[in-house]
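Novice: Below is one structure. I have some questions about it.
Values in this text are rule-based calculations from the coordinates and carry no lab data. Since we're looking at a predicted model, the values are computed, not measured. Cβ: placed from backbone, ideal geometry, glycine included. Neighbour counts: every protein chain shown.
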Amino acid sequence: MSLLERYPKTHRDAKKRLEAVLQRVPGLGPRQCEDFALAINNMADKAVDLNEIFQHILDRDTSEEELAELLIAFELTTEQIRGDSDTINGQFYELGDRLKELAKTSKR
């Protein structure tokens, strides 16, 4: 099996748990919770893969052919992360602000 065929490798299924956590955000609908949970889960999985690829790239015993495949795998993985980041698209700043406001009002 080539290195390229190994990725994507990590497949954790934390989507339902993430949805449950995101339901705590005021004003966030079920569809948004689902979309964000899927994006977070996918990006976290790809981050694990990216770190593994990074570690392999640093291995001095890697052949030129393996290095070529690792570089391509790195690029493909970052493209997948970018795709999921389009779902988030800066919206987590607003969600964070909502939660901070909720925390302030609940302390009063």
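Novice: First select every other residue whose beta carbon is under 13 angstrom from the beta carbon of residue 88; then total the charges, Lys and Arg +1, Asp and Glu -1.
Specialist: Here the charged neighbours net out to -3.
Novice: Compute the acute angle (0 to 90°) between the alpha-carbon long axis of helix 64-88 and the principal axis of greatest extent of the alpha-carbon atoms of the chain; round to the nearest 10°.
Specialist: 10 degrees
Novice: Using alpha carbons only, how many degrees (0 to 90, rounded to 10) separate the axis of helix 30-58 from the longest principal axis of the chain?
Specialist: Taking the Cα atoms of the chain, the angle to 30-58 is about 30 degrees.
Novice: Would you work out the relative contact order for segment 12-103, in percent, from Cα pairs under 8 angstrom that are 6 or more residues apart?
Specialist: Contact order relative to length: 34 percent.
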